[in-house]
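Below is one structure, written out as structure tokens; the observations come after it.
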């Protein structure tokens, strides 16, 4: 069964067990270790402090 989530949906945190996993929509997804950094980066993209303040907001 497929579901669609808004783009700003947070995927993590990723549990770093023998096989890394995260939970989304009540389901647990197992991922390879090589994708943990991408999941964390996707979550960081939507965090409040992900981008520095605009140095020239008046432009």
Report task. Consider only pairs whose beta carbons are under 9 Å apart and that are at least six residues apart or on different chains; among these, list those whose first residue lies in segment 1-20 and is touching a residue at least 24 places away in the same chain (Cβ under 8 Å) and whose second residue is in a loop (DSSP other than H, G, I, E, B) and exposed (fewer than 10 other Cβ atoms within 10 Å of the Cβ). Result -> 10/47
Report task. Please name all residue pairs, on different chains or six or more residues apart, with Cβ atoms under 9 Å, provided the first residue is in segment 30-59 and is touching a residue at least 12 places away in the same chain (Cβ under 8 Å) and at positive phi and the second residue is surrounded by 12 or more Cβ atoms within 10 Å (Cβ to Cβ) and outside any loop (DSSP other than H, G, I, E, B). Result -> none
Report summary line: A careful count of residues in segment 6-56 that are exposed (fewer than 13 other Cβ atoms within 10 Å of the Cβ), at pLDDT 85 or above and part of a loop (DSSP other than H, G, I, E, B) gives 11
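The values are calculated or read from the model by the stated rules, or taken from the named source; none is laboratory data. Given the structure is predicted, the values throughout are model-derived calculations rather than measurements. Note that each Cβ is placed from the backbone with ideal geometry, even for glycine, and that neighbours are counted across all protein chains shown.
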